[in-house]
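A.B. asks: Right, I'll just put the structure down here and ask away after.
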Amino acid sequence: MIDNLYLGFVTAVTLQNLTYLIVGVFVGNLMGVLPGIGALTAISMLLPITYGLEPTGALMMLAGIYYGTTFGGATTSILLNLPGTAAHAVVCLDGNPMARQGRAGSALFIAMFASFIGVSTGVVMMGLFGPILAEVAFLFGPTEYFALMLLGLLAASTLTSGSPLKGVASVLIGLIFGVVGTDVNSGIFRFDFGIPELQDGISLVALAMGLFGIADVLINAGRSEKGSFVTKSKISGSSVRPAKGEIKQSMPAIGRGIAMGPFFGILPGTGGTLASFMSYALEKKISKTPERFGKGAIEGVAGPESTNSSAAITAFIPTLTLGIPGDAVMALMLGALMIHNIQPGPQIMVEYPSLFWGLLVSFWLGNLLLLVLNIPLIGIWVKLLSVPYRFIYPVVLFLICIGVYSVNNNLFDVGVVLFFGVFSYLATVLGFEPAPILLGFILGPMMEENFRRALILSRGELSVFIERPFSGVCVAVILIMLTMIAYKQIVGRHRGAP
Amino acid sequence: MMFINKRELLSAGLMVFFGVGVILNSLQYNIGSLARMGPGFFPLLLGAALTFIGAIAFVGALTIATPFNQNDATGKSLWGGIYRPWLVVIAGIFVFMVLGIYGGLIPATFALIFVTTHADRRNTTKSAFILATCVTIAAVVVFYFAMQMQFPLFRWG
């Protein structure tokens, strides 16, 4: 353990990697506070830049962008009542009222502090459980992987979305997009419609940017500006300071947050969003004064923030050790790994120990950096918040176009982005979700490969998925989930509401 | 009076349409058997699953009639009067593609920003011009000179 941490520090604290980390964190933070740019848009927009770097540096930078945007999202939630990510919708509930009461400084500090504690816990969990999970994962064969992926996809698509039926459909659509390209077993081009550019498959960057970037612009552009400034008073570094007793008041909430966050992070399909909602519900339930919630209760900021951050970090555990991402952000991280020719799975721990441990240390360093960075920079962020979206979105569109072009120096991919942007917007209007589409797209080829191998090994006997104990458990959980969905649909029908 | 939710019906129809399309397409490839799957097997499975789910959703949308007209509640807020950003954004990216091939980085960037800025009614031609000029200059400096991107500033054909 000590050796590994030492390795991690040596990897993370090189001039090169530290620079990537700082750039990632800073750019992420900047993107996060710009209205209308979420973590997914930011990561997919900057993914092409990391292609040229070596894998550890690239992943550190992407992770930096991720928690940088998350941090920035907390800022916009509190000051503007605009959640950058779904996970932050909860922080708005009490953070924004606090800002309205002139306690913006307190809210910001507690959010940053809770988030830092959450990350630190997540890092410890990752160091402790990552190796254990990898050990277990080495015992898995294709049968187990297929069952686990199926479970993960089902959970991811049904737990967070509005309609479970459409969630599953979204995953299937993503899986189908993943089929496009060369079939590894036979070398046949599938679903390429005679277009040579599609023979290598749909570009991940083009798909992600279309699904999230372009669709975001289409949803937001031309609408009236949402949210408005609540604090008239100037916010500068010195005002990011908690009021007396507020740290003490929020400590128990942070404690409960870091206890439940890692649990949600490690489970497939349950990312920070569900975790932070659960935390908020819990804080409200056990509070002696639940009526304060929604009117600026500090626990309502501290609890969800710490839960969310610890879940965000622990979500890397299954992504890196099993190769199974829990949410769309993790799926993008996995995609980045694969672009660097690193096959995700337990062998990462053995073949690239410096990547795993370096990343682990960089999480902690990056968040420490954010904490330090945000205190002097908060004044600048606040100014940035007031840039109207109508000037931002054309620049976002340009960055998407040039970013996707840069991957292959090919304008065809720009067309792909446009196609998926329009597709994603229409799909969202009809109630489908873009995040499961991306998850399905990234897991699709791996799922097919494992499915094929499992059935070759069993000579075509489907019963192998039930007979092997671990995949049997997965199948049982899948069946329970499907039953619950069906039950809900039928009960919903009797009540006359879909 | 009961209403059938048109949005649900449309999305279910789309699932079936997409699913059947995938099934028909995968039949072009060798299907194989469970023990020896061909390239068409997995997509066929996916297409069938999507069609099945679409069918359930279709039946659901037809049988669950809502007591109030959801088409007004959900349909209008999503579609009403927002054709402008749609058309402008799509046109802008399309122009970027065309000018990227037949014009180069400078005209493509300028046109993209200039066109897409008009998606928001409050942006004037003047502000579009200023923004487009600024972004084009930044793009040339950052992407062409600093990052050495393979995208000529001007090109003909």
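A.B. asks: Please find, within the stretch A:406-446, the residue that is farthest from the other protein chains (Cβ to nearest Cβ) out of those that are surrounded by fewer than 21 Cβ atoms within 10 Å (Cβ to Cβ) and among the hydroxyl-bearing types (Ser, Thr, Tyr).
C.D. replies: A:THR428
Residue-wise test of (1) modelled with pLDDT of 85 or more; (2) under 13 Å from A:VAL301 (Cβ atoms).
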{"residue": "A:ALA58", "(1), (2)": "yes, no"}
{"residue": "A:HIS88", "(1), (2)": "no, yes"}
{"residue": "A:ARG100", "(1), (2)": "no, no"}
{"residue": "A:GLY127", "(1), (2)": "yes, no"}
{"residue": "A:ALA147", "(1), (2)": "yes, no"}
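A.B. asks: Quick check on the stretch B:133-143: of everything there that is more than 8 Å from chain A (Cβ to nearest Cβ) and of a type outside the set (Ser, Thr, Tyr), which residue is nearest to B:ARG84 (Cα to Cα)?
C.D. replies: B:CYS134
A.B. asks: Next up: So, B:PHE58, is that one more than 10 Å from chain A (Cβ to nearest Cβ), at pLDDT below 90 and surrounded by fewer than 12 Cβ atoms within 10 Å (Cβ to Cβ) or not?
C.D. replies: It is false that B:PHE58 is more than 10 Å from chain A (Cβ to nearest Cβ), at pLDDT below 90 and surrounded by fewer than 12 Cβ atoms within 10 Å (Cβ to Cβ).
A.B. asks: Please go through the stretch A:449-477 and give me each residue that is within 13 Å of A:LEU148 (Cα to Cα) and facing chain B (nearest Cβ under 9 Å), ordered by number.
C.D. replies: A:PHE451, the sole residue that qualifies.
A.B. asks: Can you name the residue in the stretch A:140-191 that is touching a residue at least 12 places away in the same chain (Cβ under 8 Å) and among the aromatic types (Phe, Trp, Tyr) and is also surrounded by the fewest Cβ atoms within 10 Å (Cβ to Cβ) among such residues?
C.D. replies: A:PHE140
A.B. asks: What residue, among those in the stretch B:17-28 that are in a helix (DSSP H, G or I) and facing chain A (nearest Cβ under 10 Å), is nearest to the chain's Cα centre (by Cα)?
C.D. replies: B:PHE18
A.B. asks: Given the conditions (1) part of a helix (DSSP H, G or I); (2) at pLDDT below 85; (3) closer than 30 Å to A:SER77 by Cα; (4) out of contact with any helix residue (DSSP H, G or I) (no Cβ under 8 Å at 6 or more places or on another chain), and given that A:ARG390 satisfies all but one, which numbered condition is not satisfied?
C.D. replies: Looking at each condition in turn, A:ARG390 falls short on (4).
A.B. asks: For A:PHE398, work out the one condition from (1) over 22 Å from the mean Cα position of the chain (by Cα); (2) in contact (Cβ under 8 Å) with a residue 60 or more places away in the chain; (3) crowded, with 20+ Cβ neighbours inside 10 Å; (4) facing chain B (nearest Cβ under 10 Å) it doesn't fulfil.
C.D. replies: Condition not satisfied by A:PHE398: (2).
A.B. asks: Residues in the stretch A:19-50 that are in contact (Cβ under 8 Å) with a residue 60 or more places away in the chain and part of a helix (DSSP H, G or I): how many?
C.D. replies: The qualifying residues number 19.
The values are calculated or read from the model by the stated rules, or taken from the named source; none is laboratory data. Just so we're clear, the structure is a prediction, and the values are computed from it rather than from any experiment. Cβ atoms come from the backbone with ideal geometry, glycine included; neighbour counts cover every protein chain shown.
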